[in-house]
1. Report, please, the projected area of the chain averaged over directions, based on the convex hull of its C-alpha atoms, in nm².
2. Please list the three semi-axes, largest first and in whole Å, of the ellipsoid equivalent to the stretch 302-479, using sqrt of 5 times the eigenvalues of its alpha carbon gyration tensor.
3. How would the stretch 151-296 be classified by its alpha-carbon gyration tensor: rounded, prolate or oblate, with rounded meaning a/c under 1.5 and the a/b versus b/c comparison settling the rest?
4. How many angstrom lie between the C-alpha centres of the stretch 428-474 and the stretch 337-352?
5. If one computes the Cα centroid of the stretch 401-422 and of the stretch 128-206, what distance in Å separates the two points?
6. For the stretch 21-295, give me the percentage of DSSP beta bridges that are antiparallel, rounded to the nearest 5 percent.
7. Of the DSSP beta bridges with both residues in the chain, give the percent that are antiparallel, rounding to the nearest 5.
8. Between residue 343 and residue 469, 0.36 nm times their residue separation minus their Cα-Cα distance comes to what?
């Protein structure tokens, strides 16, 4: 869905970014889990994907039991896995079983990798108004563990588990909380419980109509009501994500909080039109608008004004402002019959000779369509990425002059992009629709940078400073104008 806060558009020479890189082929992915710097997601059939950086994915994740639509959650120092053993019409029936099991690690190469025996926590007999498949996990703020499950064949149900054992709570009775969806997920935020359900048709490639809808409640047991007051038990649900950008059929929602104000949603797309219509892992920014989750746009390369949320000033080279010549009539003495003439934007060739040859600093100022304010942002294929995106280079349009972090946590531009880590940038859309911009590494410091961001310390003074979601100094917008 399109963000209402920013405008992103491709330039004529831009490189399109689709789903995750590598071999992200999966169906019914679990919520993404992290273990010792690696990311894992598990899918139908028993396998799953692993990523060392969150952007490039490959096979190799393992879980026993086969079945469908697993979910995984870290509780304490262990990982709880839940999945549907049958159901969903698999083998022609709807008699399903929901099973849980534990593991100390998700790394199949670790000596500690060993799942416990699976334990049944819910079932359906194929005749009742429910299909025990597609489970998800929620650990609520009180420490209570909940599972929702079900498909179009009947209702979505809610049960409670013991978070210490993964067993069904003694005496717990299942509760019906939704219809007309499957692959549900439960999340909690700011006093609200949200139920996200996958609506539409699946498993039909480019003809699949899957989309994800949401309702919310003050109580985990519901009722879950959408933005116009419709109960999900009566078919309600507000759209979170549907087809777009040459991928269709998003389903199986998962939420990951990266930092304060920085969240992503994971799903699969039933078909990626640019990858033979295969089912692939999708990761999108997760925005929150008026208390409702909505998928942000995948960032696209192009040429932009980079605008500070602090004041609305534009990031620019610290060079002299070159005036444009114009034949004009004074506003107090205009001839309305004189023919109109289109004034072209100032060209790079008109001003580049006035710029210094070496490093040039940066500042912020009023946007005036000038070459020193136009930045081309493109992914660097060989640089890897982070959870949800590749690293980018940011250069002045028409040049190789690259935005660069310095050892004293300041900013400069160098005449030529070399691909060094201080010239690579992580660009993440925030929950409010703005962006944070982070250098991959700060010279002289060990490890990847996960703290310092492009920061407007004053109206005209960009620098690097610690991330603070509560401050507009940390936030930027990309505008194509």
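Laboratory data are not the source of any read-out in this text; all were calculated from the coordinates shown. Bear in mind that the values here come from a model prediction, so they are computed numbers and not experimental data. Cβ: placed from backbone, ideal geometry, glycine included. Neighbour counts: every protein chain shown.
1. The directionally averaged projection comes out at 27.3 nm².
2. One finds semi-axes of 33, 18, 15 Å for the stretch 302-479.
3. Judged from the Cα gyration tensor, the stretch 151-296 comes out prolate (a/c at least 1.5, a/b above b/c).
4. 36
5. Comparing the Cα centres of the stretch 401-422 and the stretch 128-206, I get a distance of 48 Å.
6. 95
7. 95
8. Gain on extension, residue 343 to residue 469, equals 41.3 nm.
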